[in-house]
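Peer 1: Following this message is one structure expressed as structure tokens.
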Amino acid sequence: MTTAYTGYILAVDDTPASLRLLTDLLNGAGYTVRSAISGALALRAARLEPPQLILLDINMPDMDGFEVCRLLKEEPQLRNVPVIFVSALSETQEILKGFDVGAVDYVTKPFQREELLARVHTHIELHQLRFHLEETVDERTRSLRESETRLKASLLETVGAIAAMLELRDPYTAGHQRRVEHIANAIAGELGLPEPVVEGLRVAAVVHDVGKIYIPSEILSKPGHLTKPEYTLIKNHPGTGHDILKGIDFPWPIAKIVQQHHERLDGSGYPQGLHGDEILLEARILAVADVIEAMASHRPYRPGLGIDAALEEVSSKRVTQFDPAVVDAALRLFREKGFQLEQ
């Protein structure tokens, strides 16, 4: 694996042999690597020249990896640098703590060479896509009156690239975001919503699960039931998606829609427990489309239940959890107008 990226990866480990192994591995893959043997040295190096990615050990004297990560996330010039913990600690609570302090991934020692390189590559790609998206929006916004059409096309292409990256990590749900967009767009049309609102809804649908990029792939593709800590990680994805998207100057409230797509009218949803009209209409539409697609399609832990079961689910929770007008529009589409899920 080679790379043409500018910048460097900062590797941090208090054990010289482990640090040398990590550095040699990354150098051999074509990356520029700087190493630090303590948390204090790592902070100093990152402040002098922010890296593209940090690989960080946890068990270090004086300042452990959790504290280093927390301090990194407090500094504006470093808070967006992705951090991957590489540690012998493998308990779920330790992994959860790593994500709580701001890490994007967690690799346990002894690690598999190809797995570590794949994760490094994925997170550098995501970091660059996000940076490119922000740059693109800033640049295009300055000439919005002259090139509004081109701006939207560029946004959609970049958003599509982010969505495609997520699906590469979660092949069992490949096409999920596209199918949710298809359903949500049809519901919006059935409700007669204005085109600018529909446009924003389509973009939000394409990236509504982007927060899952920070969830370990073994949890996303787990065939059995999730443990409570694993489910907690899954439930973090709307908030994580909001954090990824909130700094991008979309002409629609994309970050808020993504944050709210698992909220429910009765307050039983997450992450904020919003009620009724506290939830954006676009998020209420996305919630119904998401449930219909998820239930009708195959998942690692169960076969697809079919469209009838999916419609019965949203119909049974009409008013309590789902917007009645949105549910009614979906029922008309599928039961009266011959609407079908894309394959």
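Peer 1: Here's a check for you: in segment 227-236, which residue that is in contact (Cβ under 8 Å) with a residue 24 or more places away in the chain and surrounded by fewer than 17 Cβ atoms within 10 Å (Cβ to Cβ) is nearest to Glu263 (Cα to Cα)?
Peer 2: Here the residue is Lys235.
Condition check ((1) over 23 Å from Tyr231 (Cα atoms); (2) polar (S, T, N, Q); (3) not in a helix (DSSP H, G or I)) across all residues:
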{"position": "Glu263", "(1), (2), (3)": "no, no, yes"}
{"position": "Gln272", "(1), (2), (3)": "no, yes, yes"}
{"position": "Ile285", "(1), (2), (3)": "yes, no, no"}
{"position": "Val291", "(1), (2), (3)": "no, no, no"}
{"position": "Ala294", "(1), (2), (3)": "no, no, no"}
{"position": "Glu313", "(1), (2), (3)": "no, no, no"}
{"position": "Leu331", "(1), (2), (3)": "yes, no, no"}
{"position": "Leu341", "(1), (2), (3)": "yes, no, yes"}
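Peer 1: With respect to Leu10, is the statement that it is part of a strand (DSSP E or B) and modelled with pLDDT of 95 or more true?
Peer 2: In short, yes.
Peer 1: Count, please, the residues in segment 230-261 that happen to be farther than 15 Å from Arg284 by Cβ and in a helix (DSSP H, G or I).
Peer 2: 16
Peer 1: Which residues, taken from segment 171-228, are under 23 Å from Arg119 (Cβ atoms) and of a type in the set (S, T, N, Q)?
Peer 2: Thr173, Gln177, Ser217, Ser221, Thr227
Peer 1: Here's a follow-up. In segment 74-94, what residues are touching a residue at least 24 places away in the same chain (Cβ under 8 Å) and touching a strand residue (DSSP E or B) at 6+ places or on another chain (Cβ under 8 Å)?
Peer 2: Those that are touching a residue at least 24 places away in the same chain (Cβ under 8 Å) and touching a strand residue (DSSP E or B) at 6+ places or on another chain (Cβ under 8 Å): Val81, Pro82, Val83, Ile84, Phe85, Val86, Ser87, Ala88, Leu89, Glu94.
Peer 1: Go through (1) buried (at least 16 other Cβ atoms within 10 Å of the Cβ); (2) more than 22 Å from the chain's Cα centre (by Cα); (3) on the phi > 0 side of the Ramachandran plot for Gly102 and report which single condition fails.
Peer 2: All conditions are met except number (2).
Conditions tested, residue by residue: (1) touching a His at 6+ places or on another chain (Cβ under 8 Å); (2) at pLDDT below 70; (3) surrounded by 15 or more Cβ atoms within 10 Å (Cβ to Cβ).
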residue	(1), (2), (3)
Ile124	no, no, yes
Arg150	no, yes, no
Ser154	no, yes, yes
Gln177	yes, no, yes
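Peer 1: Right, another one. One residue is enough: does segment 52-72 have a residue meeting the conditions farther than 22 Å from Gly98 by Cα and surrounded by fewer than 18 Cβ atoms within 10 Å (Cβ to Cβ)?
Peer 2: no
Peer 1: Sticking with this one: Between Leu226, Leu193, which is of a type outside the set (S, T, N, Q), outside any helix (DSSP H, G or I), modelled with pLDDT of 90 or more and out of contact with any strand residue (DSSP E or B) (no Cβ under 7 Å at 6 or more places or on another chain)?
Peer 2: Leu193
Peer 1: So which residues in segment 73-83 are in contact with a helix residue (DSSP H, G or I) (Cβ under 8 Å, 6 or more places away or on another chain) and surrounded by fewer than 20 Cβ atoms within 10 Å (Cβ to Cβ), if there are any at all?
Peer 2: Within segment 73-83, Glu75, Gln77, Leu78, Arg79, Asn80 meet the criteria.
Peer 1: From the set of residues in segment 318-339 that are over 27 Å from the mean Cα position of the chain (by Cα) and of a type in the set (D, E, K, R), which is surrounded by the fewest Cβ atoms within 10 Å (Cβ to Cβ)?
Peer 2: Looking at residues that are over 27 Å from the mean Cα position of the chain (by Cα) and of a type in the set (D, E, K, R), I get Glu336.
Peer 1: Give just the number: which of (1) among the aromatic types (Phe, Trp, Tyr); (2) within 30 Å of Glu336 (Cβ to Cβ); (3) crowded, with 20+ Cβ neighbours inside 10 Å does Trp252 not satisfy?
Peer 2: Only one criterion in (1) among the aromatic types (Phe, Trp, Tyr); (2) within 30 Å of Glu336 (Cβ to Cβ); (3) crowded, with 20+ Cβ neighbours inside 10 Å is unmet by Trp252, namely (3).
Peer 1: Which one of these is in contact with a strand residue (DSSP E or B) (Cβ under 9 Å, 6 or more places away or on another chain) and either under 30 Å from Gly102 (Cβ atoms) or touching a residue at least 60 places away in the same chain (Cβ under 8 Å) (or both): Gly239, Gly267?
Peer 2: Working: Gly239 fails: in contact with a strand residue (DSSP E or B) (Cβ under 9 Å, 6 or more places away or on another chain).
One residue alone meets the criteria, Gly267.
Peer 1: Yes or no: Val68 outside the structural domain of Val258 (by TED's automatic domain parsing), at pLDDT 70 or above and either outside any helix (DSSP H, G or I) or over 21 Å from the mean Cα position of the chain (by Cα) (or both)?
Peer 2: The answer is yes for Val68.
The values are calculated or read from the model by the stated rules, or taken from the named source; none is laboratory data. These figures come from a predicted structure and were not determined experimentally. Cβ sites come from the backbone with ideal geometry, for glycine too, and all protein chains shown count toward neighbours.
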